[in-house]
Amino acid sequence: MKAFHFLLLLALAFSFASALDPSHLQDFCVAISDPRNAAFVNGKFCKNPNLAVAGDFSFSGLNIPGNTANRVGSNVTLVNVDVLPGLNTLGISLARLDYAPNGGLNPPHIHPRGTEILVVVEGTLHVGFVTSNPNRFISKVLYPGDVFVFPIGLIHFQFNIAKTKAVAFAGLSSQNAGVITIADAIFGPDLPINPDVLAKAFQLDKDVVEKLQKLLENA
C-alpha cells in the first residue's frame with residue numbers, strides 16, 4: 001500500500017512538473033548556431049556567458065521607416081531571436097509596423113506562439129480580432145498613444161483609415177511568435193489546396209478560387 005501511495009505521489013509530481021516551462025538555469029542564453037563554443041542549456045545551444053557582448057543584446061534600426069510600397073501597403077520590421085540572439089529563452093520580441101496612407105493594411109493573420117500588444121505612435125488605425133467559435137469580432141479605432149492587445153492565436157489585423165501614414169510598435173510574448181497570414185496560407189501555399197475544397201468552404205465559385213490562387217501563388 002505504501003508503494004502504491006509513493007507511486008501516486010510520484011505521478012502527481014511529474015504531472016505538475018510537465019505542466020510548467022523549465023526555469024532558466026542562468027541569467028541569459030544567447031543563441032548560437034555553432035555549438036563548438038556553446039553550452040547546452042534548457043534544450044538550446046547557448047554562447048558561453050563569459051563570451052557574451054553588448055551586441056548580443058542590442059539592435060539598431062527601428063527609427064527607420066519600412067517600405068510600404070507593396071500590395072498591402074504595410075511593412076513589419078521584426079526584432080526577434082533571429083536578429084537579436086540575446087532574446088533566446090526570454091520569451092519576448094518587438095516589431096515596428098509602418099502603414100501607407102489611405103488603406104495601408106497589416107492583413108488578417110495569427111501569431112501561433114505569442115500574444116501581441118500594440119501601441120500607435122502616429123496616425124489612425126482601425127484594428128480588431130476574431131474570437132474562437134462562436135466567432136465574435138472585437139474592434140476599435142486607435143489614435144497616437146492608444147494600446148490594444150491581440151490574444152495569442154486569434155486572427156487580427158490593423159488598417160490605416162487616415163489620409164496620412166501610420167506607425168505603431170508591437171511587443172510579442174515570444175522570442176519567435178511566428179506569423180500565418182490567412183489569405184496567403186489558404187490561397188497561396190507552395191502546394192495549392194484543391195480548389196473544390198476552398199470553393200465549398202468559402203461558398204465561392206471555383207473560378208474565383210482559382211483566380212485568387214493565381215494571384216497569391218507568387219506573392
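The values are calculated or read from the model by the stated rules, or taken from the named source; none is laboratory data. From a predicted model like this one, the values you see are computed outputs, not experimental measurements. We place every Cβ from the backbone using ideal geometry, glycine too, and count neighbours over all the protein chains shown. For accessibility, only protein heavy atoms count, side chains too; no ligands or nucleic acids. Shrake-Rupley method; radii C 1.70, N 1.55, O 1.52, S 1.80 Å.
Brief remarks on what is shown
- Meets criteria (on the phi < 0 side of the Ramachandran plot and touching a Ser or Thr at 6+ places or on another chain (Cβ under 7 Å)) for Asp82: no
- Residues in region 119-158 that are among the hydroxyl-bearing types (Ser, Thr, Tyr) and within 20 Å of the chain's Cα centre (by Cα): Thr131, Ser132, Ser139.
- Asn88 vs. criteria modelled with pLDDT of 85 or more and touching a Cys at 6+ places or on another chain (Cβ under 6 Å): yes
- Some residue of region 100-110 being modelled with pLDDT of 95 or more, closer than 30 Å to Gln26 by Cβ and surrounded by 18 or more Cβ atoms within 10 Å (Cβ to Cβ): no
- Of all residues in region 125-140 being of a type in the set (Val, Ile, Thr) and touching a Leu at 6+ places or on another chain (Cβ under 7 Å), the one that is least open to solvent (accessible area, probe 1.4 Å): Val127
- When region 56-69 is filtered for residues that are of a type outside the set (Gly, Ala, Ser) and either in contact (Cβ under 8 Å) with a residue 40 or more places away in the chain or open to solvent by 70 Å² or more (accessible area, probe 1.4 Å) (or both), the ones remaining, listed by number, are Phe57, Phe59, Leu62, Asn63, Ile64, Pro65, Asn67, Thr68.
- Thr115 fulfils the conditions (1) closer than 14 Å to Gln158 by Cα; (2) of a type outside the set (A, V, I, L, M); (3) in contact with a Pro (Cβ under 9 Å, 6 or more places away or on another chain); (4) surrounded by fewer than 19 Cβ atoms within 10 Å (Cβ to Cβ) except for a single criterion, (1).
- Count of region 76-95 residues which are open to solvent by 40 Å² or more (accessible area, probe 1.4 Å) and under 18 Å from Gln158 (Cβ atoms): 3
- Selected residue (criterion: least open to solvent (accessible area, probe 1.4 Å)) from residues of region 144-160 that are more than 14 Å from His111 (Cα to Cα) and in contact with a Gly (Cβ under 8 Å, 6 or more places away or on another chain): Asn160
- Within region 173-211, tally of residues that are assigned to a loop (DSSP other than H, G, I, E, B) and either in contact with a strand residue (DSSP E or B) (Cβ under 9 Å, 6 or more places away or on another chain) or surrounded by 14 or more Cβ atoms within 10 Å (Cβ to Cβ) (or both): 11
- Filtered by the rule that a residue be under 10 Å from Asn176 (Cα atoms) and touching a Lys or Arg at 6+ places or on another chain (Cβ under 6 Å), region 77-87 gives no residues.
- In region 47-103, the qualifying residues are those that are charged (D, E, K, R) and out of contact with any helix residue (DSSP H, G or I) (no Cβ under 6 Å at 6 or more places or on another chain), and the one that is farthest from Ala162 (Cα to Cα) is Lys47.
- Entirely in region 119-169, the strands (runs of 3 or more DSSP E) that have 2 or more residues that are more than 20 Å from Gly103 (Cβ to Cβ): 147-150
- Region 43-55 - residue that is within 29 Å of Phe169 (Cα to Cα) and assigned to a loop (DSSP other than H, G, I, E, B) and, of those, least open to solvent (accessible area, probe 1.4 Å): Ala52
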